[in-house]
1. Quick test for you: out of C:Leu468, C:Leu475, C:Leu439, pick the one residue that is over 28 Å from the mean Cα position of the chain (by Cα) and either on the phi > 0 side of the Ramachandran plot or more than 11 Å from chain B (Cβ to nearest Cβ) (or both).
2. Answer with yes or no whether A:Ala301 is without any contact (Cβ under 8 Å) to a residue 60 or more places away in the chain, assigned to a helix (DSSP H, G or I) and of a type in the set (A, V, I, L, M).
3. Looking at (1) away from every other protein chain (no Cβ under 11 Å); (2) touching a Lys or Arg at 6+ places or on another chain (Cβ under 8 Å), find the lone condition where C:Glu565 falls short.
4. Are any of the residues in the stretch C:365-380 more than 10 Å from chain B (Cβ to nearest Cβ) and under 17 Å from C:Pro408 (Cβ atoms)?
5. Can you find a residue that is surrounded by 18 or more Cβ atoms within 10 Å (Cβ to Cβ), over 38 Å from the mean Cα position of the chain (by Cα), in the same structural domain as C:Ile320 (by TED's automatic domain parsing) and not aromatic (Phe, Trp, Tyr) anywhere in the stretch C:372-387?
6. Determine which member of the set C:Ala83, C:Ala87 is in contact with a Pro (Cβ under 8 Å, 6 or more places away or on another chain), crowded, with 16+ Cβ neighbours inside 10 Å and either more than 7 Å from chain A (Cβ to nearest Cβ) or farther than 30 Å from C:Leu119 by Cβ (or both).
7. For a quick check of your reading of the model, give me the residue pairs whose first member lies in the stretch C:473-492 and is within 19 Å of C:Ala550 (Cβ to Cβ), whose second is among the aromatic types (Phe, Trp, Tyr) and not in a helix (DSSP H, G or I), with beta-carbon atoms closer than 7 Å and at least 6 apart or on different chains.
Amino acid sequence: MDRKSLLVIGAGALIRLVLFTAFPSLPTILAQRVEISTPVTSYKRLQEGIYLYTHGVSPYDGGVFHQAPLLLSLFSILPPSTIITNLLYVLADIFSAISLIQIASSGVPTVTPHHVSPRKANSWPPWAIAAAFLFNPFTIATCIARPTIVFTNTIILHSIAAAVNGRRGPAFVSMAMATYLSLYPVLLLPPLLFLTYDSLKATSKPSIQAFSAISMIILSVVLMIYFKLSHLITGSWEFVASTYGVHLLLPDLTPNVGLWWYFFIEMFDSFRAFFLCLFQLHLLIYVPSVCLRLRKQPLFALITLIGISSIFKSYPAIGDTGLYLSLLTLYNHTFSLMRYTFFLAAAILYATFLGPAFYYLWVYAGSGNANFFYAITLVWSISNALIVADAVYATLRDEHETERPELIGKDVVQI
Amino acid sequence: MKLPTWGSLALLSLLPSACLAQSQHTSNWAVLVSTSRFWFNYRHLANVLSMYRTVKRLGIPDSQIILMLSDDVACNPRNTFPGTVYNNADRAIDLYGDNIEVDYRGYEVTVENFIRLLTDRVPPDTPRSKRLLTDDRSNIFIYMTGHGGNEFLKFQDAEEISAFDIADAFQQMFEKKRYNEMLFMIDTCQANTMYSKFYSPNILATGSSELDQSSYSHHADNDVGVAVIDRYTYFNLEYLETHVQNASSKHTLADLFNSYDPVKIASTPGIRTDLFRRDLSEVLITDFLGNVQNVEVDGDGMILDEDLLALARSAGYNVSDCKDVGLAMKRFGKKGAVVSEEAEKERDATAGEEKTWEGPARVHKDRQDDFWRNVMSAGAVGVCFVGYWVFSMIDKV
Amino acid sequence: MKDNDADSRRRRYRELLHNITMDKDDGSQPEKLAQDADSSILPAGFVDKGADDSTGDSAATFKQPPPERPETIRTRLWVLISAWMIAIFLGLPLWHATTTIYRAPLPMQEMQNWSEGKLCKTEFPLLVEVEAPSLPDAENLLKTVQHALDDANDFAAHKPHHLRLRLAARKAVSGKDENVACLLRLIPDSQNGYNHIVQSSSRIVDIHYPPPSSSSQSSVSAGLSKFVAETLEVLFRQEQELIEYLLLPQTSNPGSLNALSSQSADEGRDKKAPSKPRAATADINRRMSRVVKYSSSYHITFSLFTATALPASWDIESAISQYLTPLLSALSPISNFTISTQVQYYASISSGVTPTYDGTSQSWTLKKEDLSSFINSAEWPLASISNDPNLNFILYIPHPSISPLTIPSASHSNSFLLPQWGGVTILNLDHSASHLDHLSNPTLKPVLETFATHLLALLGAPPHPASLPIRLDSLTRQRSAEVLVSASSTLGSLQRLVNALPSISIPTTVSDSVQDSIRHLSLACEELRKGSFVKALQMGRVAQEEAEKAFFERTMVAQVYFPDEHKLAVYLPLLGPVSVPLVLGVLREVKRFMEERKKARGQSA
């Protein structure tokens, strides 16, 4: 790692530590923000779970805690000190930054076995990508609020870093952990398979079928080990319904930045089950399409799926968007092909500032209603969806230009 | 030893049958529902509380009144007279008084809860005060008020109940013999459409306004700042207050319905009698709005045997004898009722399961437990890392 | 780039902007900019995302786009297929699974048959033992009596409630055998002539008859048999009428619109039993109207309401255990009881009730109309927290200023009964006496006796005959009939409900309960036929409970009325936009395929 990277990482850690120490009440305030903490990631709920767990009560009694049991193990062996917990979160972010640097250094964003970007000279140096992650206000806020999504993000990034280096074991073990922690990363498996396969050294390449089968076996074995461990430490299988059941069935309708809560508050009870299935299927339907279309750039397929699930999953938070935006900077060489950059940046800023204001008007001032906040989450989701679409457009255009170099610099239209 | 003679039976047989026809119900129940919410719907709350006051005045005990209301008006910050609800600008009677028992409050006032109440399909832990424990000898008075439209009534701006839903619920009540007769009264816009779908017998229905007619408020209190009562309810109450003084009043429903004046009410009240069997001029108002307890004074047709207790104690039917019977029955019960046995087994099984999770109720720390738990947690985290390492090694091989 | 099938391509692609060069790459590749824009062709990489083109729009400025490469087409096809696969193989089954209403199969016909009383001919065969040690031709006598009973048509075998006579086998007087309804002891008695005495604490009825003179053996026998038959009629007639009354709704059709209206049911009854005097039915009706609905357990509340602070306490516990417990144990085969007691001081009667002073009897009297509003339900804490039906017994001590307070009645108990609710006794204490602060056990004895009478009346025990075991047996039979009818009619109601409301879902627990109920119903029916009524009640109780459980299954709340156009409004806003690209994608692929075929045919032709 070069000096610039170290400097950036040091600065990122410093910012976080300063925020933790200079504003001791900031973590608590941020942890209560619905935009940052969701029922399945909230630090406050985690504390509740740990309390129940260390006092001999099933952590899932009371229906507050919905997170994976291994997090309980991790936190129950840590000394009960805020500083150490904070340090753990800062470390997680640093680790994420290192993973990003590894991904960027590998060159996979610009050069894959099937595709070499004509703009590869334009890509940012690794330290800049780490900086975009570490200084992203969404990431910083998420780190300070300490939801457990931070760990999921770190592990996903590590998995990608391992995959681009052709290290299958760490990649799939990590992805199993991410799936175990928050379920939706399971959608990233197909692109991860392609990504790892493409990154294997050309000399010892097995067939893609054999490769997938073995990888899947590794993943399932590891997942089973995690489940058995969870069963051992909590003493029952209750955690399955209380964690994954919550992701899938949305029993907790606390507002968040996603599209689900308002919809299922309003939905007629008899259609609830159907629309739950529909919403989950909607997420699933993108997986094969994106993988097929972006087969030449599996890393970008993976990033796109992260972006899509950060919009359409049941309990999204700005931490998910932060992860997507950070990963997207890996493809900064295609940014010049995006068409709505100004509009999207403005919309994101608009939603970021108006969201808390409308939430305040609704919940505290009482002068607004749920529609205020919901409207803003709609704006947020639409702008995120447009970013995903625009980024896909830019990358496809980039891909297309390798096929038809004569088109570089021409304008294109959809017909 | 007193044996009843045929003479006493003959005396009984002389009781006039007309009196029997009147006293077919033995209990009165009232379901009073205000389906709206928010301060500006003050009048709906006042409507329903006025009715509550009236039926209570006429003797229906609180245990037989199901009061459903949002209850957000009396203590509303906009209320100039906190803790009170008035139904008249003269503010003579505080309806919110000191003896109000609201059974379904606030967000509990939902279509589902209302239907569940009527059909008694309630969760098993529902207290008796929240259930309509009627039978085929109960007369039920149902009063609803709120904002409605053609064949629907809104519940708290969130959902609506349709005329079909209520009609089906009543049919289920009829099927299960949950009422003897029912009086359905509704004060809302286009109220008469709400009872148009009923098809179960012995229901008398009345509403404030026809299709495409609005139901208006009577007057506003300038200090309270909102309308305090609806017209239809106002004139009903006026009649009840002035004519029906107590539960022994002989005024009939025909009298009440004749007192309706469409001009004063500003809408055309409707009455539906085709499902009802009795002639309205024979139906007392207190058959529905009051509580008629048919008292039987001892000695007046009831045979009182003073030495009954001595009898029970005496040798012929002593306690030990009964114990035998009880035991025999228990044994029999085990043999016969397979289901209960299974249930017992299940209970045993769950009890066994509960044992595996040690002490859910214990909320104190135990050092030894703590130690093992920490060892286990550390082990689990360790296994994760070791697993990671092992799989990365495998990869390299 | 030249293209051979220019025409067909032109229909699909359109150049909107040409000759426009945009440098979005920040001049990083300036040499590319120099390319001649006119000779460039627009890319075809994004065709699968665009809207349909307008056909026939062929301007001179349009250039020919290049042909799509086969792998592009293949990818696009695969993307489309994958999306449709998920929609069809996951979406459709899930849609079906989540929107169809689960209806567990129910034995509908059987349920209907039960409710119509077709499956069980409810029988109450009562076994009467006759003990006639001093009568030589007892067998003959029995036959004559049986004939007399059968001829009277009241206890005939085809009636549900009938009597069978049997000569007592044993000498020993038991009177405790559960299956024997009563034991007749024929005792010759020269002094009193024909006479019957019911023993109050056993099932034995002594029949005294004048001892036969040796001359007219047969006439004595005739007279005796007539008297025995009459006695049996006195003993059981009321019960028989009651049972018939209870069983009637089962045979009529409760589903028809008018059946449940009590008036028409009365008419029905009259039609069915024209021989019965209406008064008998009316009496039964009146008696049944005060009986609480059957339950396997009741909660009894004894309340002491005193208008002053005195008496401050009462010996209720010892009094209950001494006077009431034996009765409750005797009732235990029928129902169980839980008891609570309370004392309320300064309890005033309802404000509307005003006693009047009667100078002649030197007492305050309450009018009968006042009694119905005597209970001050607004202030007296009478609501029960128990889930069992509650029976209230109230002992009221009036204020000294209106004491003695009396109720005009024939008896001196100063008490009244509130049908299906409980009983009230007004106790006037001698206010000059000492020991006012405590109600002792002996003082409570008459009160509890009154309450016991009330309790029996509320539970439905017949007031007649005097023998308590016979009365309780009769109550057992009556309750058996009641639970059987109730369970069967509940099954019928459930069956009609399930037919009438197709939108209601039926979970498996309901069908399980229904099966169980039906099984226990037939068991109860068998037990009845055998004459073991306690077991029959036991079975009937389970049947009733299961039937109620099935009917009141809490998930069986009908869905809110949902017309089809509402369903469309629910589905369309979300499914519409999602399905548009899928459908359009398929249409475009089909169109492309057709054109290719046409082209291929054109080339081959």
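The values are calculated or read from the model by the stated rules, or taken from the named source; none is laboratory data. Fair warning: this is a prediction, and the values are worked out from it, not measured in the lab. When we count neighbours, we look across all protein chains shown, and the Cβ atoms used for this are built from the backbone with ideal geometry, even at glycine.
1. Numbers: C:Leu468 fails: either on the phi > 0 side of the Ramachandran plot or more than 11 Å from chain B (Cβ to nearest Cβ) (or both); C:Leu475 fails: over 28 Å from the mean Cα position of the chain (by Cα).
None of the others qualify; the one that does is C:Leu439.
2. Working: without any contact (Cβ under 8 Å) to a residue 60 or more places away in the chain: no; assigned to a helix (DSSP H, G or I): yes; of a type in the set (A, V, I, L, M): yes.
When the stated conditions are applied, A:Ala301 does not pass them.
3. (2) is the only condition that C:Glu565 fails.
4. Quick first cut of the stretch C:365-380, residues more than 10 Å from chain B (Cβ to nearest Cβ) only: C:365.
In the following step, the residues that additionally are under 17 Å from C:Pro408 (Cβ atoms) were identified as C:365.
Within the stretch C:365-380, one or more residues are more than 10 Å from chain B (Cβ to nearest Cβ) and under 17 Å from C:Pro408 (Cβ atoms).
5. No: the stretch C:372-387 contains no residue that is surrounded by 18 or more Cβ atoms within 10 Å (Cβ to Cβ), over 38 Å from the mean Cα position of the chain (by Cα), in the same structural domain as C:Ile320 (by TED's automatic domain parsing) and not aromatic (Phe, Trp, Tyr).
6. Details: C:Ala87 fails: in contact with a Pro (Cβ under 8 Å, 6 or more places away or on another chain).
When all the criteria are applied, what remains is C:Ala83.
7. Qualifying pairs under 7 Å: C:Glu482/C:Tyr294; C:Val483/C:Tyr294.
Listed here are the residues, each with its yes/no results for (1) among the hydrophobic types (A, V, I, L, M, F, W, C); (2) more than 9 Å from chain B (Cβ to nearest Cβ).
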{"residue": "C:Leu448", "(1), (2)": "yes, no"}
{"residue": "C:Ala457", "(1), (2)": "yes, no"}
{"residue": "C:Ala461", "(1), (2)": "yes, yes"}
{"residue": "C:Val485", "(1), (2)": "yes, yes"}
{"residue": "C:Gly492", "(1), (2)": "no, no"}
{"residue": "C:Glu527", "(1), (2)": "no, yes"}
